[in-house]
2 protein chains.
Amino acid sequence: MARPRSEDKHQALLEAATEIVAGHGLAAPTAQIARRAGVAEGTLFRYFATKDVLVNALYLHLKGQLCTALQEGFDPAASLKARAEAVWNNYIDWGIANPTACRAMSQLAVSGKILPETHAAAVKLFPALEGLTSACCLSGLDANQSDEFRRALMASVAQVAMSFSSTDPARAAAYKASGFAVMWRTLTDA
Amino acid sequence: MARPRSEDKHQALLEAATEIVAGHGLAAPTAQIARRAGVAEGTLFRYFATKDVLVNALYLHLKGQLCTALQEGFDPAASLKARAEAVWNNYIDWGIANPTACRAMSQLAVSGKILPETHAAAVKLFPALEGLTSACCLSGLDANQSDEFRRALMASVAQVAMSFSSTDPARAAAYKASGFAVMWRTLTDA
DNA sequence: ATCTGATGAGTGAGCACTCACGCACATGAA
DNA sequence: TTCATGTGCGTGAGTGCTCACTCATCAGAT
């Protein structure tokens, strides 16, 4: 019938948005994103109805990349600790290899623009992650509360380890190991 | 010689900014802040030359409140662990008692608008805190690197414990205790 | 030939910040 | 104590800019 929409432009827009958002956060102007992607500003709005839609799509896109990286060499048969450490190392390695994507994701995570359904969709990208944090309870908390709390602790410790590793890649191995030790104890002893 | 500037208005502006920033982040409009403070928009710019100046002043103001709270009952003669736990508990209690201030501070911390000198000034507000995190080294890191890393880990664990305690005050005691256990091991064993 | 993607100047809303004016207040002379 | 004086605060409509988003028009795939 007519000209089809280009998958290339879709990807180019997401990649351009990653770079601009990493630098400017939510203040990233759509005009700049479009220019970086090599398309007109109007074209951006043909692919993403509003900036909010773009921002949510970008978040899911980045989470997708991250989750793919996390599952690298994932062996469901390995011990809990081995699985946890593999995911942990993949996470930090991904952060070091993709600092821009990583920064953009952090910016989006605190932006307040990510809809609950986007978060829900992101969780489904790596179902096997669920099982990793439900090994035991923290004293004084029931299983559900404890699991949520532990998950949040793990994410925040990982975030710190990753940001330090990124800043000082020479020490990455030490940050990885120390961070994992802290987290592993959080998962199993606390 | 002339009409003096009003300390009341200065305070009112900082308090209004706290509320609006907690809700809107950096996107908080100066017009709304001024209205909430009960002054004209032009007045805001008589007290703070630019929005960036206001934002930095607000950060320091909130850090000041926090540091005062942290030092509640601080006993330099107590054991390291006792001092650490006292500060820890004060921190979480402050977060529960001042959710708005706490949210505003988090928003400012990630805004990228806080100048290095503002951060430097904030650190000086509670010098005794320095000594709390320099007990030992993490394996593979020298003392300085380890200290900075440990400090960041502690802050992020505290942040999580506080946000969970805030959301679910009934469980606050459990989150406080679990979080402190995690952090204490981080400080001493890792 | 036809329909739809691509374009970029245009639009209106919202923003930080300004400024000319009115007035409150500290000061000093009486 | 009283009052004249001038300094500088308080004001809010105004200014210029940036932004997300639109639309009339063109270009190209089928």
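Listed here are the residues, each with its yes/no results for (1) within 14 Å of residue A:128 (Cβ to Cβ); (2) open to solvent by less than 20 Å² (accessible area, probe 1.4 Å); (3) aromatic (Phe, Trp, Tyr); (4) touching an Asp or Glu at 6+ places or on another chain (Cβ under 6 Å).
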| site | (1), (2), (3), (4) |
| --- | --- |
| A:55 | no, yes, no, no |
| A:68 | yes, no, no, no |
| A:75 | yes, no, no, no |
| A:78 | yes, no, no, no |
| A:81 | no, no, no, no |
| A:87 | yes, yes, no, no |
| A:90 | yes, no, no, yes |
| A:104 | no, yes, no, no |
| A:107 | no, no, no, no |
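Is it the case, given these coordinates, that residue A:68 is away from DNA strand C (no atom under 13 Å from the Cβ), in contact (Cβ under 8 Å) with a residue 40 or more places away in the chain and either out of contact with any Cys (no Cβ under 7 Å at 6 or more places or on another chain) or not aliphatic (A, V, I, L, M) (or both)? No, not satisfied. Consider segment A:13-39 and keep the residues that are open to solvent by 60 Å² or more (accessible area, probe 1.4 Å), away from chain B (no Cβ under 14 Å) and on the phi < 0 side of the Ramachandran plot. The one that is nearest to DNA strand C (Cβ to nearest atom) is A:35. Residues being of a type in the set (Phe, Trp, Tyr) and either surrounded by fewer than 18 Cβ atoms within 10 Å (Cβ to Cβ) or more than 9 Å from chain A (Cβ to nearest Cβ) (or both): count how many of those fall in segment B:164-178. The qualifying residues number 0. Within segment B:24-48, residues that are free of Cβ contacts under 8 Å to residues at least 12 places away in the same chain reach partners that are among the polar types (S, T, N, Q) and open to solvent by less than 80 Å² (accessible area, probe 1.4 Å) with beta carbons closer than 7 Å, at six or more positions or on different chains, in the pairs B:41/B:30. Any residue at all in segment B:1-12 that is surrounded by fewer than 17 Cβ atoms within 10 Å (Cβ to Cβ) and away from DNA strand C (no atom under 13 Å from the Cβ)? Checked segment B:1-12: at least one residue is surrounded by fewer than 17 Cβ atoms within 10 Å (Cβ to Cβ) and away from DNA strand C (no atom under 13 Å from the Cβ). Could you please find all residues in segment B:151-163 being surrounded by fewer than 22 Cβ atoms within 10 Å (Cβ to Cβ) and in contact (Cβ under 8 Å) with a residue 40 or more places away in the chain? Across segment B:151-163, the qualifying residues are B:158, B:159, B:163.
The values are calculated or read from the model by the stated rules, or taken from the named source; none is laboratory data. Just so you know, these numbers come straight off a predicted model, no measurement behind them. Quick reminder, even Gly has a Cβ in these numbers, built from the backbone with ideal geometry, and neighbours come from all protein chains shown. Remember, those area values only see protein heavy atoms, side chains included, never the ligands or the DNA or RNA. Shrake-Rupley method; radii C 1.70, N 1.55, O 1.52, S 1.80 Å.
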